[in-house]
Structures are given as structure tokens and as C-alpha cells.
1. Please identify the trypsin sites (Lys or Arg not before Pro) of segment 92-146 that satisfy two criteria: DSSP loop assignment and at most 15 other Cβ atoms within 10 Å. Which are they?
2. Using the per-residue mean of other Cβ atoms lying within 10 Å as a proxy for protection, in what order, highest first, do the peptides 203-214, 75-86 fall?
3. Quick one: with all protein chains in place, what share of the accessible area of the chain is carbon or sulfur, to the nearest percent (1.4 Å probe)?
4. Setting aside same-chain residues fewer than 8 positions from Lys150, which lysines have a Cα under 24 Å from its Cα?
5. Hey, can you find the accessible area per residue of segment 1-109 for me, probe 1.4 Å, expressed in square angstrom?
6. Contact order normalised by length for the chain, with contacts defined as Cα pairs under 8 Å and 6 or more residues apart; what percent is it?
Amino acid sequence: MKTNVLAHRGFSGRFPENSMRAFREAVAIGADGVEFDVQRTRDGELVVIHDERLDYSTNSQGWVFDQSWAELRTVRLRTRSKDILHEDTVPHLEEVLGFLADHDAVVNIELKNGLIGYPDMEEQVIAALRRFKLADRAIVSSFNHASVLKVKEIDSSITTGIIFAGRLVDLWSYARSVRADALHPDRGFVDAAFVRAAQDEGFLVNTYTVNDDLEMQRILATGINGIITNFPDRLLDLM
Ligand code: G3P
Ligand code: CA
């Protein structure tokens, strides 16, 4: 079975995370899809950025929900580990979807609505996916499993995934109770037996975040559906 290479926050191993450049470069090297994170501004615009706050991946500070879109679009991205400032800015969700609509790629949207509730974010994301005709190749995932269930209740045709890091009791029945199509476990909880059992139960399995070559090889051998990585180039080379 072919394993999908999903570029985590775009090609974030070499370009600013969750930037248009990171998405373009991921698609350009042949990644099967991209994963990215969605938050919301004060004036209700959906934007693609990992943290609830700007402090760690931009040259600004404060909560995303405290910024208007006009304010946020002037903020520049920063590589958090190396403190490098880039020209790139925080993309609007529509900009990312507009780009992906023109390319044949899996669209893994992670709803970052665990810490900040962002009421009705699910409706808004689904409406955007429909507008860009991407609903049939999207996976909407979240650590917020109530939100995953809500996505399914709004549109049962959308593929959903629960993200988790841990060994859950009665995982299959739990995942079915929130109507998840896919399991997105942390890589540490993935082995061949787990993947086979999950697939036998009818779930897709996509794991995060696999950046080490040996770990890529170990997980590829499990027959997993997708690997989310900062280095889609290295994973493609290994495959
Ligand atoms: O979607 C999987 C993974 O991205 C979840 O963790 O913190 O990188 O958003 P995080
Ligand atoms: Ca994510």
C-alpha cells in the first residue's frame, strides 16, 4: 500500500512553518499533501498558524484572537528554533486553499480549537472547503475530538481524524463514538500490529511527526496510510 507523504506545517524542515512558501515547496517536490493549523482572528478570519499566540513563530506578540486580519497580515514569520526573521507572513486560510485547489494534494487541516474554543469554527472551515471544492480531499483533524464529531455532524462526507498521544482504552469504539475516519497518533504509539488492527477496524492511520530517517523507515514498514513530516524530501527519497 502506498503511504502518503504529508508535509507538516508545509515543508517546515526547510521553510518557515505554515507559510505559503512551505506549502508551495512541499507540492513542488511531490509531497502527496500538506498538514497545517488553523486559528481565528478578532474579526473572524481563519488564519494558518500553529500557536494561539504570535510570540514564538512571528516578530510580534499577543493572542491571534486579539488581532484583526489587517493587523495580522503585517506580522512576519520567524523560525522559532533559530530566531531567523523571514519576509513571509501568516497566510489566510483562503490563500492556502486557493493554492491547493490548483494542485492535486491531500489537505489536512488541523483545527487548533483546544485551548481557545473559536465557536463555529467547524462550520466556517467546512464552508471554505466547499467554496474551494476541496471537501473531498480534505482530512479535518484535531486534538479536540468534540470538534471532530461536530465536523461529521455538519457534513458526514468529510474525512475526519482524531489526533492523540497516548494509549487509549477501547480505542476503536471511542474513535467510532466521535465518528472519526482516521487515527492520527503520535509516532511513538505506532507499530505494525497497531496499524494492521486499526486498518482491519476500518480506520486510516496517519502519524506525526516523523523527522528521523530510521524512524521513517520503521514506520513505512508498518503499511501506514500517511506520515506527517517536516522533511517530505527525505521521506520521498527513502521511498
Ligand atoms: O496534525 C498532527 C500534528 O501537527 C499535531 O501536533 O503540535 O504539530 O500541531 P502539532
Ligand atoms: Ca498540526
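The values are calculated or read from the model by the stated rules, or taken from the named source; none is laboratory data. Note that the structure is predicted; figures quoted are calculated from it, not measured. Reconstructed Cβ throughout: ideal geometry from the backbone, glycine too, with neighbour counts over all protein chains shown. Side chains are part of the model used for accessible areas, which takes the heavy atoms of the whole protein and leaves out ligands, DNA and RNA. Shrake-Rupley method; radii C 1.70, N 1.55, O 1.52, S 1.80 Å.
1. On the way: sites: Lys112, Arg130, Arg131, Lys133, Arg137; in loops: Lys112, Lys133.
In loop regions of segment 92-146 (DSSP not H, G, I, E or B), the sparsely surrounded trypsin sites (Lys or Arg not before Pro) are Lys133.
2. Values: 203-214: 19.3, 75-86: 13.8.
By packing density, highest mean first, the sequence is 203-214, 75-86.
3. Working: 5030 of 10370 Å².
For the chain, the apolar C and S fraction of the accessible surface comes to 48 percent.
4. Partners within reach: Lys112, Lys133.
5. Working: 4620 Å² over 109 residues.
Per-residue value: 42 Å².
6. Numbers: 509 pairs, mean separation 47.2, N = 239.
The value is 20 percent.
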